[in-house]
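Remarks on the structure that follows.
The values are calculated or read from the model by the stated rules, or taken from the named source; none is laboratory data. Because the structure is predicted, anything quoted here is derived from the model rather than measured. Cβ placement follows ideal geometry from the backbone for every residue including glycine, while neighbour counts extend to all protein chains displayed.
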Amino acid sequence: MDEQLYNLTLVIVGVLDLAMALGLLINNYAYRHYPVYRRSLRLTALFFAVFGIGLLLHYHFQWRMSYPLMATALSATYFHISGVAITWSHTSLLNPRYLSGRVVARDVAFLVVGLPAYWISATYGSLLTLHYSLLIFLAHATWMSFDFYTTYFRVSRRLIAMKQGSVEGFMRWMLRSCHFIIAFGIGSIVFTSLFPVNIWPYTVLLCISTFVFVYIYYSISEYGSVVDSATNATEDAAV
């Protein structure tokens, strides 16, 4: 029963994530005159697509029961890639100049080192070795989180000083979204490490992820209603 519920949840949440990715891409053309927001929509769509594909791969291979180390490596892979995508998306909305060549090179370097490490550890190493490789993801996630929060608080202080009250709602959902993403992302990888062969914890995590991702989808879509004022305000505040 636990296994059937787990598989059903994998398919439902995976398809929902892909549907939200498609929804953001369809919405994209309407904001062609706002390049930063349009890029953020695409990156958030990538975030959803990577997660959706990852969950459907879990369903297809059924590694959680047969090869738990491979299942953990797969989870770490799509968490890491999607973590980079959502950081680029949301931090760029706060600071349009954030996504510099230096930031891209840093994040790609972490992916180039981290992704093979997860799979090599899962294939040839032990659970302990895999845990050590996951420190790459945790270190990178911490660095990206630091980038977001320092950018957020710097820009929010300047917006308050500039009396940009019209974008307060945007700032609140931005902060709340990233609280959810960071807590869910890091917490899930830790959870994966602690319960590599259990089924029920992952079913719970999948249900939680649905609420988190729907909130992110709603929030990034609603940004379009304040895109003019938010774009002008953040461009001024980020100077």
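Tabulated data for the structure shown
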| read-out | value |
| --- | --- |
| Which listed residue is modelled with pLDDT of 80 or more and either surrounded by 15 or more Cβ atoms within 10 Å (Cβ to Cβ) or not in a helix (DSSP H, G or I) (or both), from THR234, THR203 | THR203 |
| Options SER82, SER92; residue that is closer than 30 Å to SER133 by Cβ, at pLDDT 95 or above, part of a helix (DSSP H, G or I) and touching a Phe, Trp or Tyr at 6+ places or on another chain (Cβ under 9 Å) | SER82 |
| Pair list, Cβ < 9 Å and 6+ apart or interchain, from the stretch 213-229 residues that are without any contact (Cβ under 8 Å) to a residue 12 or more places away in the chain to residues that are loosely packed, with under 15 Cβ neighbours inside 10 Å and not polar (S, T, N, Q) | none |
| Conditions (1) surrounded by 13 or more Cβ atoms within 10 Å (Cβ to Cβ); (2) in a helix (DSSP H, G or I); number of the one not met by TYR98 | (2) |
| Evaluation of TYR98 against (1) over 12 Å from the mean Cα position of the chain (by Cα); (2) within 16 Å of LEU130 (Cβ to Cβ) (one fails), failing number | (2) |
| Contacts under 7 angstrom Cβ, first residue in the stretch 94-121 being in contact (Cβ under 8 Å) with a residue 40 or more places away in the chain, partner in a helix (DSSP H, G or I) and surrounded by fewer than 17 Cβ atoms within 10 Å (Cβ to Cβ), 6 or more apart | PRO96/GLU235; SER121/THR129 |
| Residue check for TYR34: among the aromatic types (Phe, Trp, Tyr) and surrounded by fewer than 13 Cβ atoms within 10 Å (Cβ to Cβ) | no |
| Scan of the stretch 1-42 for residues that are of a type outside the set (A, V, I, L, M, F, W, C) and outside any helix (DSSP H, G or I), ordered by number | ASN27, ARG32, HIS33, TYR34 |
| Candidate set: the stretch 20-31, residues that are surrounded by 13 or more Cβ atoms within 10 Å (Cβ to Cβ) and either over 18 Å from ILE53 (Cβ atoms) or touching a residue at least 24 places away in the same chain (Cβ under 8 Å) (or both); chosen: the one farthest from the chain's Cα centre (by Cα) | TYR31 |
| Options SER177, SER156, SER166; residue that is over 27 Å from LEU10 (Cβ atoms), modelled with pLDDT of 70 or more and part of a helix (DSSP H, G or I) | SER156 |
| Any hit, the stretch 61-72, residues being among the β-branched types (Val, Ile, Thr), at pLDDT below 95, within 25 Å of CYS178 (Cα to Cα) and surrounded by 23 or more Cβ atoms within 10 Å (Cβ to Cβ) | yes |
